[in-house]
Amino acid sequence: MEAEGRLAVPVIAVNEARAERAFNDRFGAGQSVLDGILRATNLLLAGQTVVVLGYGWTGRGVALRAHGLGASVIVCEVDPLRALEARMEGFAVMPALDAAERGDVFITVTGVRDVLRGEHFVRMKNGAVLANAGHFDVEISLPELRAAATGGVREILPLVQRYDLGDRALNLLAGGRVVNLAAAEGHPAAVMDVSFALQALAAEALARGSWTPGVHPVPDAIEREVAGLKLAALGVEIDALTPEQVTYLSSWS
Ligand SMILES: NC(=O)c1ccc[n+]([C@@H]2O[C@H](COP(=O)([O-])OP(=O)(O)OC[C@H]3O[C@@H](n4cnc5c(N)ncnc54)[C@H](O)[C@@H]3O)[C@@H](O)[C@H]2O)c1
């Protein structure tokens, strides 16, 4: 809307804040997405191959935690920088069509539609588990999954639907809805506090300040305040720059 000149109000992009990305997306989703999958299936992830589609802040948290639980993790990306980062973090990186044949558990977390579709479903192993952690139920193509399920669909557990493709069956969790909300309880309060503090302080700054219409980043002072409050709540102290260090950092000579 801003690019088209149609944004008439100031907006603070809380979702883009460093503190939001680093904590809510990475550590919150990293834990709660796997929590949802485990509650729905009771799988042992150790020894499984988990395919994470999308290596943004959320996807990297999911990949990190799946690796920590003993899974082999494959990352699929369309952004070369993020794909390279995943590779250098030690994950296998490959196109989704190749990963389709190898994965035991697939987790979409891209914000994009039809990331897993017919051409992937027909390559997957019998019993593969499909879960979506992106916000809308479009990342796994449900129309194409239904079309592929010539043998029908049945619910084998409360949040697990088995799609019978004839020579194999695929297990869809939570109907393709965001799995950590549909099958678990979302993020723990101990990370939502950071998000809500950012939102509250950003709303206060909007109400008190004078802002031009457009999208603004969260002011750095707010990010630092929230991180400082969270550290204090955790009982963690950190160092401060000495005056000499401040002078050094701001000098060019
Ligand atoms: N489940 C949750 O609790 C939770 C939390 C935060 C965000 N989200 C949702 O997760 C999704 C991703 O969020 P994010 O903040 O990580 O976004 P992001 O933009 O940082 O990352 C998305 C990544 O997906 C990649 N991608 C796009 N299309 C792809 C494709 N076809 N195949 C493979 N990779 C592809 C992009 O290149 C990007 O690196 C969004 O829908 C967001 O709303 C969910």
With the label point 7 Å along the Cα-to-beta-carbon line of E16 and a cut-off under 16 Å to each amide N, the hits in the stretch 56-96 are 57
Contour minus Cα-Cα span, R6 to K125, at 0.36 nm per residue, comes to 38.1 nm
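Counting other C-beta atoms within 10 Å, and keeping those with at most 14, which DSSP coil trypsin sites (Lys or Arg not before Pro) do you find in the stretch 5-43?
On the way: sites: R6, R18, R21, R26, R39; in loops: R6.
Answer by residue number: R6.
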The helix 57-68 Cα axis meets the longest alpha-carbon principal axis of the chain at an angle in degrees, between 0 and 90 and rounded to 10, of 60 degrees
Output row, site V215, 7 Å Cα→C-beta label point, backbone N cut-off 16 Å, window the stretch 81-95, residues none
To the nearest 10 degrees, the tilt of helix 29-41 (Cα long axis) against the first principal axis of the alpha carbons of the chain is 20 degrees
Checked the stretch 41-188 against the a/c 1.5 cut and the a/b vs b/c comparison, axes a ≥ b ≥ c from its Cα gyration tensor; verdict prolate
Computed over all unlike Cα pairs, the Kirkwood hydrodynamic radius of the stretch 1-117 in Å stands at 15.2 Å
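Tell me, what is the FRET efficiency for L229 and V153 to the nearest 0.05, using R0 = 41 angstrom and their Cβ-Cβ distance as r?
Values: r = 48 Å, r/R0 = 1.16.
Efficiency, rounded to the nearest 0.05: 0.30.
If a/c stays under 1.5 just call it rounded; otherwise compare a/b with b/c (prolate if a/b is bigger, oblate if not). Do that for the chain, with a ≥ b ≥ c from the square roots of the Cα gyration tensor eigenvalues. Write out the running numbers ahead of the final one.
Working: a/c = 2.15, a/b = 1.86, b/c = 1.15.
In terms of gyration-tensor shape, prolate.
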Scoring only Lys, Arg, Asp and Glu (+1, +1, -1, -1) among other residues with Cβ under 11 Å from the Cβ of M94 yields -1
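Name the GluC sites (Glu not before Pro) in the stretch 209-250 that are in a loop by DSSP and that have at most 16 other C-beta atoms within 10 Å, would you?
Values: sites: E223, E225, E237, E244; in loops: E237.
Sparse-neighbourhood loop GluC sites (Glu not before Pro): E237.
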In the chain the DSSP beta bridges are antiparallel at a rate, in percent to nearest 5, of 30 percent
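Computed from the coordinates by the stated procedures, all read-outs in this text should not be read as laboratory data. What you see is a predicted model; the values in this text were computed from it and never measured. In this analysis, Cβ positions are derived from the backbone assuming ideal geometry, glycine residues included, and neighbour counts consider all displayed protein chains.
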